[in-house]
1. Taking only region 65-82 into account, find how many residues are among the basic types (Lys, Arg) and farther than 16 Å from Thr52 by Cβ.
2. State yes or no: is Gly97 at pLDDT 90 or above, of a type in the set (Gly, Ala, Ser) and under 30 Å from Ala16 (Cα atoms)?
3. Going by the structure shown, is Glu72 modelled with pLDDT of 80 or more and either assigned to a loop (DSSP other than H, G, I, E, B) or closer than 28 Å to Pro10 by Cα (or both)?
4. Which members of region 48-84 meet the condition of being loosely packed, with under 10 Cβ neighbours inside 10 Å, β-branched (Val, Ile, Thr) and either in contact with a Lys or Arg (Cβ under 9 Å, 6 or more places away or on another chain) or over 18 Å from Tyr31 (Cα atoms) (or both)?
5. For region 1-45, which positions are in a loop (DSSP other than H, G, I, E, B) and either more than 22 Å from the chain's Cα centre (by Cα) or at pLDDT 85 or above (or both)?
Amino acid sequence: MKRPNAPKVPDNVQKAADDFSKRVDAERAKYQGAGPGEGGGGAPPTLLARVTRLMGVLENYTAAPTAGEGEEIAELDKKVPVEHEQVQKLVTEDLEGLNKLMNEAGIPHIVVAPATGGGRRGRG
């Protein structure tokens, strides 16, 4: 929508796109932390950092988890599904609504590309 020869975007579509972008940035920050130029010094560890650290600890140790690790597992067990649901809502509801507005305005809509690589796979 910001390209030099892009068609004029109605104000309601531009506002919806800006609002959606802010919600996506807020969710991204929970997983990846502040983006470039957004500060983040002294911020608590991100969800991704917490899960990654805990996985590394558990995968590289043969004893039972410590009490602290057990608490971290319990907290993440509650938090991860909630955060996942919020991301799914962004894609299945919020993006769908934005795309509907864009289609009605004759603007090509946003397509979510399938995830590729980067994930851990079970042994098979």
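1. The first filter runs over region 65-82 and keeps only residues among the basic types (Lys, Arg), leaving 78-79.
After this cut, where a residue has to be farther than 16 Å from Thr52 by Cβ as well, the list is 78.
The qualifying residues number 1.
2. Values: at pLDDT 90 or above: yes; of a type in the set (Gly, Ala, Ser): yes; under 30 Å from Ala16 (Cα atoms): yes.
So Gly97 passes the test.
3. Details: modelled with pLDDT of 80 or more: yes; either assigned to a loop (DSSP other than H, G, I, E, B) or closer than 28 Å to Pro10 by Cα (or both): no.
No.
4. Correct list: Thr62 only.
5. To start, the set of residues in region 1-45 that are in a loop (DSSP other than H, G, I, E, B) comprises 1-10, 33-45.
Answer for region 1-45, where residues must be in a loop (DSSP other than H, G, I, E, B) and either more than 22 Å from the chain's Cα centre (by Cα) or at pLDDT 85 or above (or both): Met1, Lys2, Arg3, Pro4, Asn5, Ala6, Pro7, Lys8, Val9, Pro10.
One line per residue, one yes/no per condition, for (1) over 30 Å from His109 (Cβ atoms); (2) hydroxyl-bearing (Ser, Thr, Tyr); (3) more than 21 Å from the chain's Cα centre (by Cα):
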site: Gly56; (1), (2), (3): yes, no, yes
site: Pro65; (1), (2), (3): yes, no, yes
site: Ile73; (1), (2), (3): yes, no, no
site: Leu76; (1), (2), (3): yes, no, no
site: Glu83; (1), (2), (3): no, no, no
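The values are calculated or read from the model by the stated rules, or taken from the named source; none is laboratory data. On a predicted model such as this, the values are computed, not experimentally measured, just so you know. Every residue, glycine as well, gets a Cβ built from its backbone with ideal geometry; the counts of neighbours run over all protein chains shown.
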